[in-house]
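Contents: one structure, followed by commentary.
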Amino acid sequence: MMCAGYTKVWDLAPGEIVRLDGARGTTLRVTRGTLWITLERDVRDIVLSAGDTFTIDRGGLTVVEARGNATVCVLAHYVEEFHVRGRHPTFGERAHEWLRSVGAADVDRRYVPRI
């Protein structure tokens, strides 16, 4: 089996979203399709294609979205996950969430004076 040694296998539909809370250390390996991963308080957008592996390196909320049919091998201890099928967040919802996270990230930034 392609996911031998992994704790879960997700078969995701196009646009299906998986919300993971407290998933630091969880490894995702894509065996089919493409994933878009967004981490709370992180400006990166991670895109994985078949054959790619990513280990979640932050705590907080992680959102995984299938960009088509996708199969993902998941290696994790207990992780709270919530699957959302069929409904795509609107552009406005995505923009609002992104702006909210950017505003929250400002609090944690350290400024260095220019010399």
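The values are calculated or read from the model by the stated rules, or taken from the named source; none is laboratory data. Keep in mind the model is a prediction, meaning the values are calculated, not measured. Note that each Cβ is placed from the backbone with ideal geometry, even for glycine, and that neighbours are counted across all protein chains shown.
So that you can scan it fast, the table gives a plain yes or no per residue for (1) in a loop (DSSP other than H, G, I, E, B); (2) modelled with pLDDT of 85 or more; (3) touching a Cys at 6+ places or on another chain (Cβ under 9 Å):
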| residue | (1), (2), (3) |
| --- | --- |
| A23 | yes, yes, no |
| G68 | yes, yes, no |
| V72 | no, yes, yes |
| G86 | yes, no, no |
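Against the numbered list (1) of a type outside the set (D, E); (2) over 22 Å from R85 (Cβ atoms); (3) free of Cβ contacts under 8 Å to residues at least 40 places away in the same chain; (4) surrounded by 14 or more Cβ atoms within 10 Å (Cβ to Cβ), L35 comes up short only at (2). Looking across the range 56-69, the residues that are farther than 19 Å from G5 by Cα and surrounded by 15 or more Cβ atoms within 10 Å (Cβ to Cβ) come down to G60, L61, T62, V63, V64, E65, A66, R67.
Taken over the range 45-71, the criterion of being closer than 19 Å to G22 by Cβ, more than 9 Å from the chain's Cα centre (by Cα) and of a type outside the set (S, T, Y) is satisfied by F54, D57, R58, G59, G60.
Of the listed requirements (1) acidic (D, E); (2) at pLDDT below 80; (3) under 11 Å from A23 (Cα atoms), E93 misses just one: (3). Listed by first and then second residue, the pairs linking a residue in the range 4-15 that is in a strand (DSSP E or B) to a residue that is surrounded by 12 or more Cβ atoms within 10 Å (Cβ to Cβ) and not β-branched (V, I, T), with Cβ atoms under 6 Å apart and 6 or more places separating them unless they lie on different chains, are V9/C3; V9/C73; L12/A66; L12/A70.
Take the conditions (1) modelled with pLDDT of 90 or more; (2) among the acidic types (D, E); (3) closer than 16 Å to R94 by Cα; D11 misses just one of them, which is (3).
Pick out the one residue from R58, R19, R44, R24 that is within 21 Å of V102 (Cα to Cα), charged (D, E, K, R) and without any contact (Cβ under 8 Å) to a residue 24 or more places away in the chain.
On the way: R58 fails: without any contact (Cβ under 8 Å) to a residue 24 or more places away in the chain; R19 fails: without any contact (Cβ under 8 Å) to a residue 24 or more places away in the chain; R24 fails: without any contact (Cβ under 8 Å) to a residue 24 or more places away in the chain.
Criteria check complete, one pass: R44.
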